[in-house]
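Engineer: What follows is a structure written as structure tokens; I'll ask about it next.
The values are calculated or read from the model by the stated rules, or taken from the named source; none is laboratory data. Source: prediction; values computed, not measured. We place every Cβ from the backbone using ideal geometry, glycine too, and count neighbours over all the protein chains shown.
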Amino acid sequence: MKPAPFEYHVPDSIEQALDLMSQHADEAKILAGGQSLVSAMNFRVIQPSVVIDLNRVAELSYIRAEGDVIRIGSMARERHLEFDSSIAKRTPLLTEAMPHIAHPQIRNRGTIGGSIVHADPAAELPVLMLALNARLKAKNISGERWIDAQDFFAGMFTTALAPDEILVEIEMPFMPARTGWSFMEVAPRAGDYALMGVAVLVTLEKNGKCKKAKLVYLNAGDGPVDAKEAAKILEGEKLNDKLIESASAMASRKEINPFGNVHTSPDFQRHLANVLTKKALKQAMQRAEENLQ
Amino acid sequence: MTQTFPVTVTVNEKKYKREVEARLLLSDFLRHELGLTGTHVGCEHGVCGACTILFDGESVRSCLMFAVQADGHALITVEGLAKDKDNLHPLQQSFWEAHGLQCGYCTPGILMSMIPFLQKNPNPTEDEIRQALSGNLCRCTGYQHIVDAVKLAAEKMG
Ligand SMILES: Cc1cc2nc3c(=O)[nH]c(=O)nc-3n(C[C@H](O)[C@H](O)[C@H](O)COP(=O)(O)OP(=O)(O)OC[C@H]3O[C@@H](n4cnc5c(N)ncnc54)[C@H](O)[C@@H]3O)c2cc1C
Ligand code: FES
Ligand code: FES
């Protein structure tokens, strides 16, 4: 099918974009990579009367390391994140996860901001934002505010952004010293949305005990699911198979809430979560131990 | 009155100027405005890959872009690959020789996905080829001969 007619604006600065948003907030949609928006418009699932295209706002497209954080403009393409060397060095969890997002043809256009604001519970980037403790900068015509990733996702395809706000920047702290990571998912084919997936971070003390653990799941509820109780089982302890078993059981049986879909049942999703968590925790632990020396 | 926008775009090294409605998809622009019907349209939601073209050298879905967004950019479609029908691009020649197509609906999108893939990865393994093909659906071949064709192309182009 074809999209319904709309009024099209193509600002070339953030200021112009914010001005347009203040005039049209309730009827306007931001066009970023278009990889979710345009297909929804083609099928007339949504029919925005105004489209504000950010693809010519060059100042929204950057990735840079600054102090102890990585700053990413919301229009940076998923494909650029995948190959960025400072991301690979400072937040390797993100680098490991990027190839799981759709196909190169989609990542060439899709943006970090678009994926985050789209807030699909099956998407990788929202999960990674929570796991990496990111902060998100939103702007409207009268100012800006920072929103922690954990407060940003407000349910299925819903975020904390107000209708006139644009997501402009993502700030990710460097992963701390002695941290191991792992991203694992199961999808029917390479590039498909995953049936289940998990991002894991494990930070060790100098003595090898687990200082901090983070386990965040995709397709496991109505947004990214942070398994805090499972993390508590691990923190303060020297990790072993038994602890990993019980953390995996806690997360997969108690903390996630998968709905199932045409490819899978909730029970099978819980089973996958259990298996993936064990594997991911072991890999993360091993990588953290390599970083101990 | 319907609002239109001027678009100046280079397709297969030729410059075109048109006036378009904002909602015109790039895939429909190529097919209906420029008559370049080699770019196929299957699903219009980014899944099948039949509409894949090169946008400033990178493979993209032309069904998920508006024509107006191509203003000032350089595109390559499947028509840009061969010099003429007797001088196929080595990738096309390989599809011919290895029987990499049956009905051919998926073929233009697959070729336009494999061009940048082989540029970045001139000696791919079979696994890498299958991964790279995962964004293009073919309902005829079962993929085996497509994989063979891409392997052959890598040899020819390498
Ligand atoms: C075939 C296919 C497979 C895919 N598979 C996956 C997958 O496996 N995993 C995955 O995570 N994703 C997948 N995607 C989605 C892909 O990652 C999208 O690119 C992404 O979800 C949306 O990003 P975008 O830049 O294209 O945003 P758009 O589609 O342009 O926008 C998405 C939404 O966010 C809003 N928006 C965008 N940017 C901003 C901003 N800066 N401020 C405020 N609002 C904004 C838009 O108004 C719109 O509502 C797939 C897509 C396709 C077509
Ligand atoms: S028609 Fe564009 S991906 Fe199917
Ligand atoms: S040859 Fe028919 S769809 Fe691929």
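Engineer: Is it the case that A:R145 is free of Cβ contacts under 8 Å to residues at least 24 places away in the same chain and among the basic types (K, R)?
Structural biologist: Spelling it out, A:R145 is indeed free of Cβ contacts under 8 Å to residues at least 24 places away in the same chain and among the basic types (K, R).
Engineer: To continue, here is another question. Among A:F157, A:F83, which is at pLDDT 95 or above and either near ligand 1 (Cβ under 8 Å from one of its atoms) or more than 20 Å from A:A28 (Cβ to Cβ) (or both)?
Structural biologist: Of the residues listed, the single one that is at pLDDT 95 or above and either near ligand 1 (Cβ under 8 Å from one of its atoms) or more than 20 Å from A:A28 (Cβ to Cβ) (or both) is A:F83.
Engineer: Residues B:L26, B:L75: which one is within 22 Å of A:K29 (Cα to Cα) and away from ligand 3 (no atom under 16 Å from the Cβ)?
Structural biologist: Just one listed residue meets the conditions, B:L26.
Engineer: Here is a check on your reading of the model: is B:H45 touching a helix residue (DSSP H, G or I) at 6+ places or on another chain (Cβ under 9 Å), touching a residue at least 24 places away in the same chain (Cβ under 8 Å) and not polar (S, T, N, Q)?
Structural biologist: Spelling it out, it is not the case that B:H45 is touching a helix residue (DSSP H, G or I) at 6+ places or on another chain (Cβ under 9 Å), touching a residue at least 24 places away in the same chain (Cβ under 8 Å) and not polar (S, T, N, Q).
Engineer: Collect the residues in region A:180-235 that are in contact with a Gly (Cβ under 9 Å, 6 or more places away or on another chain) and among the basic types (K, R), keeping them in residue-number order.
Structural biologist: A:K209, A:K211
Engineer: Condition check: more than 14 Å from A:L218 (Cβ to Cβ), more than 14 Å from chain B (Cβ to nearest Cβ) and touching a helix residue (DSSP H, G or I) at 6+ places or on another chain (Cβ under 9 Å). Does A:A134 satisfy that?
Structural biologist: For A:A134, the condition - more than 14 Å from A:L218 (Cβ to Cβ), more than 14 Å from chain B (Cβ to nearest Cβ) and touching a helix residue (DSSP H, G or I) at 6+ places or on another chain (Cβ under 9 Å) - is met.
Engineer: Go through region B:1-29 and give me each residue that's away from every other protein chain (no Cβ under 14 Å) and under 19 Å from the mean Cα position of the chain (by Cα).
Structural biologist: Across region B:1-29, the qualifying residues are B:V9, B:T10, B:V11, B:N12, B:E13, B:K14, B:K15, B:Y16.
Engineer: Checking the condition assigned to a helix (DSSP H, G or I), within 13 Å of ligand 2 (Cβ to nearest atom) and buried (at least 18 other Cβ atoms within 10 Å of the Cβ), which residue from B:C48, B:C63 passes?
Structural biologist: B:C63
Engineer: Also, quick follow-up: Starting from residues that are surrounded by 23 or more Cβ atoms within 10 Å (Cβ to Cβ) and in contact with a helix residue (DSSP H, G or I) (Cβ under 8 Å, 6 or more places away or on another chain), keep the ones in region A:76-92 and report whichever is farthest from B:G57 (Cα to Cα).
Structural biologist: It comes out as A:L81.
Engineer: Among the residues that make up region A:181-194, is at least one of them within 30 Å of B:L137 (Cβ to Cβ), at pLDDT below 95 and acidic (D, E)?
Structural biologist: Checked against the condition, which is being within 30 Å of B:L137 (Cβ to Cβ), at pLDDT below 95 and acidic (D, E), region A:181-194 yields at least one hit.
Engineer: A further question on this structure: What's the total number of residues in region B:68-78 that are assigned to a helix (DSSP H, G or I) and within 11 Å of another protein chain (Cβ to nearest Cβ)?
Structural biologist: 3
Engineer: Okay, moving on. Is it the case that some residue within region A:192-199 is assigned to a strand (DSSP E or B), away from every other protein chain (no Cβ under 14 Å), in contact with a strand residue (DSSP E or B) (Cβ under 8 Å, 6 or more places away or on another chain) and closer than 21 Å to A:N291 by Cβ?
Structural biologist: Yes, there is a match, as at least one residue in region A:192-199 is assigned to a strand (DSSP E or B), away from every other protein chain (no Cβ under 14 Å), in contact with a strand residue (DSSP E or B) (Cβ under 8 Å, 6 or more places away or on another chain) and closer than 21 Å to A:N291 by Cβ.
Rundown of residues vs (1) within 16 Å of ligand 2 (Cβ to nearest atom); (2) out of contact with any helix residue (DSSP H, G or I) (no Cβ under 6 Å at 6 or more places or on another chain); (3) farther than 19 Å from B:S62 by Cβ, yes/no style:
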{"position": "B:G100", "(1), (2), (3)": "no, no, yes"}
{"position": "B:C103", "(1), (2), (3)": "yes, yes, yes"}
{"position": "B:C106", "(1), (2), (3)": "yes, yes, no"}
{"position": "B:I115", "(1), (2), (3)": "no, yes, no"}
{"position": "B:N123", "(1), (2), (3)": "no, yes, yes"}
{"position": "B:A132", "(1), (2), (3)": "yes, no, no"}
{"position": "B:G135", "(1), (2), (3)": "yes, no, no"}
{"position": "B:R139", "(1), (2), (3)": "yes, yes, yes"}
{"position": "B:Q144", "(1), (2), (3)": "no, yes, yes"}
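Engineer: Given the criteria in contact (Cβ under 8 Å) with a residue 40 or more places away in the chain, over 25 Å from B:C51 (Cβ atoms) and assigned by TED's automatic domain parsing to the domain that holds A:I101, does A:I14 qualify?
Structural biologist: So A:I14 does not fit the description; no.
Engineer: Can you name the helices (runs of 4 or more DSSP H) wholly within region A:56-147 that have at least 3 residues being under 20 Å from A:L195 (Cβ atoms) and in contact with a strand residue (DSSP E or B) (Cβ under 9 Å, 6 or more places away or on another chain)?
Structural biologist: In region A:56-147, the matching helices (runs of 4 or more DSSP H) lie at A:124-131.
Engineer: Can you name every residue in region B:111-158 that is assigned to a loop (DSSP other than H, G, I, E, B) and either within 16 Å of ligand 3 (Cβ to nearest atom) or within 23 Å of B:G38 (Cα to Cα) (or both)?
Structural biologist: B:L133, B:S134, B:G135, B:N136, B:L137, B:C138, B:R139, B:C140, B:T141, B:G142, B:Y143
Engineer: Can you give me the number of residues within region B:1-27 that are within 30 Å of B:Q131 (Cβ to Cβ) and not in a loop (DSSP other than H, G, I, E, B)?
Structural biologist: Selection size over region B:1-27: 4.
Engineer: Which one of these is under 20 Å from A:W181 (Cβ atoms) and at pLDDT below 95: A:Q286, A:Q293?
Structural biologist: Exactly one residue qualifies, and that residue is A:Q293.
Engineer: Going by what's in this entry, would A:I46 be described as assigned to a strand (DSSP E or B), of a type in the set (V, I, T), within 14 Å of chain B (Cβ to nearest Cβ) and closer than 21 Å to B:S27 by Cα?
Structural biologist: no
Engineer: Considering B:L30, B:L34, B:L24, which residue is touching a Cys at 6+ places or on another chain (Cβ under 9 Å), at pLDDT 95 or above and among the aliphatic types (A, V, I, L, M)?
Structural biologist: Answer to the check: B:L30.
Engineer: Taking the condition of being facing another protein chain (nearest Cβ under 8 Å) and not acidic (D, E), how many residues in region B:38-54 meet it?
Structural biologist: 4
Engineer: Quick one: which residue in A:D26, A:D19 is assigned to a helix (DSSP H, G or I) and more than 10 Å from chain B (Cβ to nearest Cβ)?
Structural biologist: A:D19 is the lone residue from the list that is assigned to a helix (DSSP H, G or I) and more than 10 Å from chain B (Cβ to nearest Cβ).
Engineer: Whether any residue in region B:98-113 is within 14 Å of chain A (Cβ to nearest Cβ), without any contact (Cβ under 8 Å) to a residue 60 or more places away in the chain and within 18 Å of B:C51 (Cβ to Cβ) is what I want to check.
Structural biologist: Looking for residues that are within 14 Å of chain A (Cβ to nearest Cβ), without any contact (Cβ under 8 Å) to a residue 60 or more places away in the chain and within 18 Å of B:C51 (Cβ to Cβ), one finds at least one in region B:98-113, hence yes.
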